[in-house]
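All remarks here apply to the structure that follows.
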Amino acid sequence: MIASALCYPEYLDLPRIYTMLAVYLSATLSVLFFFLLLDLRLKRNGVSLKEFLVLIFKKYRNWGRYISDVLTHRKFLKDRKVGGISHFFMIYALLLSFVGTMLVAYNQYYEMIAGSPVFCGVFFESYSFVMDVVMWILFFSSVGGLIALYLRRRIIPKKDMIFNSLYLLGFVYLALTGALLESFRVNYLGIKSYYFFNSILFSFKISYFEYLLAYFSHFELAFILIAIIPETSVFHSLLSLTNYLKDERPSGELRKPFDLKEIMEKGTFDVQVGINKTSDIKGFDRLELEACMHCYRCQDVCPAYAAGRPLSPTELITELKKSINKEKSIWDFIKEDTIWSCTTCGACIEACPVYIRHTDYIVDSRRALVMDMKLDEKKNALLLSLSSQENAIGVPNQERNSWLSGEGIKKASETKDVKNLLWVGCMGSFDPEARDIVKNFIEIIKKAGVQEYYAYLGEEETCCGDPARRIGEESKFQDLAIKNIELFKKYNVKNIVTICPHGYNTFKNEYPKIDPWMKSVNVKHYSEVIQELLEKGKINVRMSEEVLTIHDPCYLSRHNGVVEPQRFILKKVGKIKEPQHAGKNTFCCGAGGSNYWYEVKENEKISHIRFKELRNTGASSIVVLCPFCNAMLNDASTVLSDGKIKVKDIAEVVRDNLV
């Protein structure tokens, strides 16, 4: 074989110009039909093609993390290894197929311009081998996709099931014909050095007529599959990008459905609050639902589902998706207890590969129930307490922090400029165990000699508003937020230190949307302050023999990524044994989403599930960083271990080991 013959033969004996015209005409029609079908699908959901494209390209700077997630398959490979690997290989097979097609096009243009092809010799043989491997990866991963579809047949609509199965069979056909085409080209050229590799993958010999059938059906089918993407489940790949881009909120920040200040100024309340009907879900929120591929990853990590509560995040999103084009009440297919089961821990959001925010739909549904006054006695009691006492505990707010008067830090009213505002919180103010957390922290800052830079609000402090917002009472949340922000401005607050992760999240992520002035305020959790004091040598601790395990609060670690301070601190005082769910992958205590104030029927308490996991580490003490986690896990310890396994707040651990 002469060297010049060892080059990539795309068209073989076909007329080059006419064949190229056929290919590019098909490609053009494919793109046109793609955008036509895309426009139709978007319009069905109340989104224009212009809005869709503007969202994608206007926020191009935010593509980096999304592309990283796609290329690494971080969310796919986290828990479901088999399904994740299959999806990983399918995506890479398609990407490499696209790259291979672009290289062939480059080779053709280069040959037309320069008079000689690029794909020759070893380069051609290597390319053919890689493409063969890619085609077979596509084949097996597509078969895996068909199996996954079959396993989910109960939850996927029949029409989608048939259409998606045919689409995946199209991938199977592309893989087989792609391998056949490469096999024919190699046999046609008689390349013996490569034939060994090719024969391992696919050594069938076909006639020239069969080659032509395979060639034209291959590229025509490929263009058809591209054209119909907007009407298939493959569209979820594009919707995952818009889901990622449309909301830049941290996972712990809820949407603001209205602006209370504007409403008060206008004197009218002409706004939609919450979701009562499927038609209340509009625009990109409708498209967000359509991205769901029923992979059940959200259900796998949901603490409410694990406890036997009537909530499966997967089935909730699926039911909304099924009914989105029907004018019907969501309460026809969703139970109220399903909505109240959620702890807003964010595990579902973190697990979802297509960036669906399940809690948005849940809290919006709660808002509708609040507006319709469909609340039980305990939920009403919480809202009554927030309205009448401006705290979540249900006791008079007077003398709220009077017990702090002898602790060595000033009231904000006693100082002109508050450098660090110690936000005590409702639990810290009224719950005896939570008060000890505050006292222990104050002892630490006194030991460091920095207590003079701290102040507290006393009876001026009210609830941060987190319970009101999570239960669905947006007006009360904004009312409390506006009043608190005015207090912060009054005392020129520069830093807020919180005991509670819920207050931390609310001040840091949600208050700036109420008043942009809050962006100038630095919000810290007390564990971050303790870490700083240790790093600066302001305090020192001794190492003990105690074995500790950490319960990371959802609103601190998952929603806000604070995982290092607690580990930095505890490594200095004892040995750490991590539970299965740790750091950003933590498991809820069961109190979040205002669940602390009401009950939902369950097979096992969420706090008990979490306590058992922590107990299984073999640690003698469980370290918490939240007054709610402290209360929930202490109760679980009393029931499940007679209190033998100690639940300690991190401030207590540090105080006990101060040098």
Exercise for the section: Would you calculate the separation in nanometres between label points at residue 212 and residue 11, each defined as 7 Å from the Cα along the Cα-to-beta-carbon direction? Expected result: 1.5 nm
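Considering Cα pairs under 8 angstrom that are at least six residues apart, work out the relative contact order of region 444-504 and quote it in whole percent.
Numbers: 25 pairs, mean separation 15.7, N = 61.
With pairs under 8 Å counted, the relative contact order is 26 percent.
Ignoring ligands, DNA and RNA, please state the percent of accessible area on region 59-119 from carbon and sulfur, probe 1.4 Å.
Exposed carbon and sulfur together represent 72 percent of the surface.
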Completion exercise
To the nearest 10 degrees, the tilt of helix 16-44 (Cα long axis) against the first principal axis of the alpha carbons of the chain is 30 degrees
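In debye, nearest 20, what is the charge dipole magnitude of the chain about its Cα centre with +1 on Lys and Arg Cβ and -1 on Asp and Glu Cβ, if you could check?
On the way: 83 positive and 75 negative charges, 99 e Å.
Value, rounded to 20: 480 debye.
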Exercise for the section: Apply 1/(1 + (r/R0)^6) to the Cβ-Cβ distance of residue 92 and residue 146, taking R0 = 22 Å, and write down the FRET efficiency to the nearest 0.05. Expected result: 0.75
Fill in the blank from the handout: Of the accessible area of region 524-659, computed with a 1.4 Å probe and all protein chains kept, carbon and sulfur make up a percent value of 45 percent
Fill in the blank from the handout: For Cα extents along the principal axes in Å, with candidates [x] 91, 50, 42; [y] 103, 83, 48; [z] 96, 60, 48, the value calculated from the shown model is option [z]
Fill in the blank from the handout: Taking Cα pairs closer than 8 Å and at least 6 residues apart, the relative contact order of the chain in percent is 12 percent
Practice task
Please give every one of the lysines within straight-line cross-link reach of residue 416, meaning a C-alpha to C-alpha distance under 23 Å, and leave out same-chain neighbours fewer than 8 residues apart.
Solution key: 446, 483, 489, 490, 494, 519, 524
Handout entry: chymotrypsin sites (Phe, Trp or Tyr not before Pro) restricted to DSSP loop in region 248-304 with at most 14 other C-beta within 10 Å
Key = 269
Fill in the blank from the handout: Per the helix-only model, the chain has a calculated mean residue ellipticity at 222 nm (DSSP H runs of ≥4, -39500 (n - 2.57) each, divided over all residues, rounded to the nearest 500) of -17000 deg cm²/dmol
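Tell me, Kirkwood radius of region 207-335 from alpha-carbon pair distances, in Å? Mind dumping the intermediate values first?
Values: mean 1/r = 0.0539 Å⁻¹.
Over region 207-335, the inverse of the mean reciprocal pair distance is 18.5 Å.
When the Cα atoms of region 511-634 are enclosed in a convex hull and the volume is divided per residue, what value in Å³ results?
Values: hull volume 15.1 nm³, N = 124.
Cα convex hull per residue, to the nearest whole number: 121 Å³.
Over the chain, average the accessible area per residue using a 1.4 Å probe and give it in Å², no decimals. Mind showing how you got there, number by number?
Details: 29130 Å² over 659 residues.
That works out to 44 Å² per residue.
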Exercise for the section: Calculate how steeply helix 208-227 sits against the longest principal axis of the alpha-carbon atoms of the chain, using the helix alpha-carbon long axis, and give the answer as 0 to 90 degrees to the nearest 10. Expected result: 30 degrees
Fill in the blank from the handout: Between the modelled labels at residue 85 and residue 48 (7 Å from Cα along Cα→Cβ) the distance in nm is 4.8 nm
Handout entry: Environment charge of residue 379, counting only residues whose C-beta is closer than 14 Å and scoring Lys/Arg +1, Asp/Glu -1
Key = 0
Problem - Net +/- balance of residues flanking residue 282 in space, Cβ distance below 14 Å, scoring K and R +1, D and E -1 - result: -2
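Sort 57, 628 by heavy-atom solvent-accessible area, probe 1.4 angstrom, most to least. Write down the numbers at each step before the final one.
Working: 57 125, 628 20 Å².
Solvent-accessible surface, decreasing: 57, 628.
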Practice task
Could you give the spread of the C-alpha atoms of region 575-659 along their three principal axes, from largest to smallest, in whole angstroms?
Solution key: 46, 29, 23
Practice task
Calculate the length of the line joining the C-alpha centroid of region 110-126 to that of region 275-327, in whole Å.
Solution key: 51 Å
Practice task
Can you figure out the FRET efficiency of residue 564 with residue 65, using R₀ = 22 Å and their beta-carbon distance, to the nearest 0.05?
Solution key: 0.65
Practice task
Place a label point 7 angstrom from the Cα of residue 282 along the Cα-to-Cβ direction, then list the residues of region 28-67 whose backbone nitrogen is under 14 Å away.
Solution key: 45-48
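Show me the GluC sites (Glu not before Pro) within region 501-554 that DSSP assigns to loop and that have at most 10 other Cβ atoms within 10 Å of their Cβ. Walk me through the numbers before you get to the answer.
On the way: sites: 510, 528, 532, 535, 545, 546; in loops: 545, 546.
Sparse-neighbourhood loop GluC sites (Glu not before Pro): 545.
Restricting to DSSP loop positions (anything but H, G, I, E, B) with no more than 12 other Cβ atoms inside 10 Å of their own Cβ, which GluC sites (Glu not before Pro) remain in region 334-428?
Details: sites: 336, 350, 377, 390, 399, 407, 414; in loops: 390, 399, 407.
Counting only loop positions with at most 12 other Cβ atoms within 10 Å, the GluC sites (Glu not before Pro) in region 334-428 are 399.
Could you rank the peptides 420-430, 142-152, 562-572 by their average count of other C-beta atoms within 10 Å per residue, with the highest value first?
Details: 420-430: 25.5, 142-152: 17.2, 562-572: 19.2.
Top to bottom by mean Cβ count within 10 Å: 420-430, 562-572, 142-152.
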Problem - Euclidean distance of C-alpha centroids, region 579-616 and region 371-394, integer Å - result: 24 Å
Handout entry: Label-to-label distance, nm, for residues given as residue 40 and residue 580 (7 Å Cα→Cβ offset)
Key = 4.7 nm
Practice task
Distance between Cα centroids, region 501-560 to region 37-106: provide it in whole Å.
Solution key: 35 Å
Completion exercise
Expressed in Å to one decimal, the Kirkwood Rh of region 1-141 from all distinct alpha-carbon pairs is 18.7 Å
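Any idea what the relative contact order of region 88-163 is, in percent, if you count C-alpha pairs under 8 Å spaced at least 6 apart?
40 percent
For residue 656 and residue 547, what is the calculated FRET efficiency with R₀ set at 22 Å and r taken between the beta-carbons, to the nearest 0.05? Numbers along the way, then the final one.
Values: r = 15 Å, r/R0 = 0.67.
Once rounded, the FRET efficiency stands at 0.90.
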Practice task
Could you look at region 255-406 and say what percent of its accessible area is carbon and sulfur, using a 1.4 Å probe and all protein chains?
Solution key: 50 percent
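The values are calculated or read from the model by the stated rules, or taken from the named source; none is laboratory data. Remember, predicted model here, so these are calculated numbers, not experimental data. Quick reminder, even Gly has a Cβ in these numbers, built from the backbone with ideal geometry, and neighbours come from all protein chains shown. The accessibility values were calculated without ligands, DNA or RNA, using every heavy atom of the protein model including side chains. Shrake-Rupley method; radii C 1.70, N 1.55, O 1.52, S 1.80 Å.
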